[in-house]
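Here's the structure, in structure tokens; my notes come after.
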Amino acid sequence: MGQGDGQRVSTGVPGMDEILGGGMLRGRFYLLRGTPGAGKTTFALQFLLEGVRAGERVLYFSFSRSKQDLLDIARSHGWSLDRIELRTSDDAPEEEPRQTIFPAVDVELADRLGQLFEAIERTAPDRVVLDAIALLYAGDTHELGRILHSLKRRLTARGCTALLLDQRRETPVGVYLDELADGVVAMEQDTHPFGGARRRLLVEKVRAAPFREGRHDYRIRTSGLIVFPRLVAADYRRERPHEIASSGLAALDELLGGGLDRGSSLLLLGSRGIGKSSVAMQIAAAAAERGERVAIYLFDESTHIFFVRADRLGMPLRTHAQAGRVRVHSVDAGEWTPGEFAHSVRGAVENDGARVVVIDTVRGCREAMLDEPFMTQHLRELVSYLREQGVVTILVESYGGGVPVSTEGDRDSGYAGDAMLLFRRYEHAGEARTGIFILKVRAGGQPQTLHDLVLGAHGISIGPMPGASNAAVIS
């Protein structure tokens, strides 16, 4: 099969096929560009190992790396390269006695090209990786173009899918490869004062095929490179029946107009330590009691403290976690990127079947994703995705006090709540108490009246303010 048959081949890199619309087009020329350490070699080896799993013949031809380099990289990931044809710098001919008729670089180039074409003829690969292709450049750009076009014709005529590795677009080789390649993927990495390097890739072009645009986070792990496709909520739109889920508290359900709509979000707003997380726990526990799966993401406290607080409130979240109905993730600052966070939530929903997702707190989530200027947009897209999946989303957010009409927290988080529950402290008979009222309910208006919130060993209770039943809020 030659170029143009339209068949797809998997890259072998988790998440990458989704970005490419199903994988690479068979028999095409792809360019993978990135700085040293970006993970190009790891990506390339996964690409070839996927070919091995598919029963294909594969070739890795490097103009600079030694065989031991590749074996060391593979060993670090627990891979065997026994079924990959490796042609590396070790195979370069021994240095001949110096001659002065032809430039040495031209002689070496001819030798390496001869080895490359011989390896292609002998192996007849279905997939090939050409590493450090820039070393083909011997100073004559016209000759370089002729060589690259000849190479492409030989490979595509065989239906061979080629992956070329290069570093920079600014070089003569980079310019030619950009024009020649049917697809270009750029790998980027940035370092930060705190936390590890952040790595992202960008598909710059793919001829005659759709792909997901934008930058996508990726991570290099022991198991290999994994890509987290940028979340696009519009891809998941679907019709679903209207359903209501109970919060587990009849009084709270009444305030919310009957309960929590499936696919809606509830924003819990209040100062620190006022009871927002406890109400989120109550909603999670009620869902687990119904046999539903729940995913909880903590950004301001540890899993240990979370379960201790749940135990003190008489909520069996620890038991539900042991049974697998509740999964609690405590996320440290700099541990995840926005793409990785969205990937985890998608896995909880699509693989584990989570029907309730709790994010505690939104501010902590933004701060944990270091130096991410578009974190609010990431969260907006994530909440929209959960809405399309029919998931109840509980967002916990802290603010300094008062009614949050124009605060930074409201601008960053207010968009997300279909319903907003405000927590406030008030004084009664010399005692500091906690009150709640509905700030917003999209499904139906509720009076802004303050209700008493009490936390105790037997859980949560909500009732009228003592001495002033259904007293008006405003202040």
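The values are calculated or read from the model by the stated rules, or taken from the named source; none is laboratory data. The structure displayed is predicted, hence computed values, not measured ones. With ideal geometry, Cβ positions are generated from the backbone for all residues, glycine too; neighbour counts draw on all protein chains shown.
Quick look at the numbers
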read-out	value
One residue from Val294, Val326, Val349, Val308 being farther than 26 Å from Gly195 by Cβ, free of Cβ contacts under 8 Å to residues at least 24 places away in the same chain and outside the structural domain of His192 (by TED's automatic domain parsing)	Val308
Qualifying residue in the stretch 104-120 (condition: in the same structural domain as Gln46 (by TED's automatic domain parsing), part of a loop (DSSP other than H, G, I, E, B) and either aromatic (Phe, Trp, Tyr) or modelled with pLDDT of 85 or more (or both))	no
Scope the stretch 156-192; condition touching a strand residue (DSSP E or B) at 6+ places or on another chain (Cβ under 8 Å), within 18 Å of Ala208 (Cα to Cα) and in a helix (DSSP H, G or I); matching residues	Thr156, Leu177, Asp178, Leu180
Top-ranked residue of the stretch 171-189 - restricted to ones that are of a type outside the set (Val, Ile, Thr) and without any contact (Cβ under 8 Å) to a residue 40 or more places away in the chain, ranked as nearest to Arg26 (Cα to Cα)	Glu179
Filter pass, Ala44 being surrounded by 24 or more Cβ atoms within 10 Å (Cβ to Cβ) and within 18 Å of Arg8 (Cα to Cα)	yes
Unique match (being assigned by TED's automatic domain parsing to the domain that holds Arg212, surrounded by 21 or more Cβ atoms within 10 Å (Cβ to Cβ) and in contact (Cβ under 8 Å) with a residue 24 or more places away in the chain) among Gly27, Gly21, Gly15, Gly78	Gly27
Any pair with Cβ under 6 angstrom, 6 or more apart, that starts in the stretch 230-242 at a residue that is closer than 27 Å to Gly259 by Cβ and ends at one that is aliphatic (A, V, I, L, M) and in a helix (DSSP H, G or I)	none
Any hit, the stretch 210-232, residues being surrounded by fewer than 20 Cβ atoms within 10 Å (Cβ to Cβ), out of contact with any Leu (no Cβ under 7 Å at 6 or more places or on another chain) and under 30 Å from Ala310 (Cβ atoms)	no
Extreme residue, modelled with the highest pLDDT, among residues of the stretch 153-173 that are surrounded by fewer than 19 Cβ atoms within 10 Å (Cβ to Cβ) and closer than 28 Å to Gly37 by Cα	Gln167
Residue match in the stretch 378-390 (condition: assigned by TED's automatic domain parsing to the domain that holds Ala250 and at pLDDT below 90)	no
Members of the stretch 352-376 found to be over 16 Å from Ser398 (Cβ atoms), touching a residue at least 40 places away in the same chain (Cβ under 8 Å) and hydrophobic (A, V, I, L, M, F, W, C), listed by number	Ala354, Val356, Val357, Leu370
Qualifying residue in the stretch 204-222 (condition: assigned to a helix (DSSP H, G or I), at pLDDT 90 or above and of a type in the set (A, V, I, L, M))	no
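The rows are residues; the columns are (1) touching a Lys or Arg at 6+ places or on another chain (Cβ under 6 Å); (2) assigned by TED's automatic domain parsing to the domain that holds Val392; (3) at pLDDT 75 or above.
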| residue | (1), (2), (3) |
| --- | --- |
| Asp418 | yes, yes, yes |
| Leu421 | no, yes, yes |
| Glu427 | no, yes, yes |
| Gly430 | no, yes, no |
| Ile436 | no, yes, yes |
| Gly445 | no, yes, no |
| Leu453 | no, yes, yes |
| His458 | no, yes, yes |
| Ala471 | no, no, no |
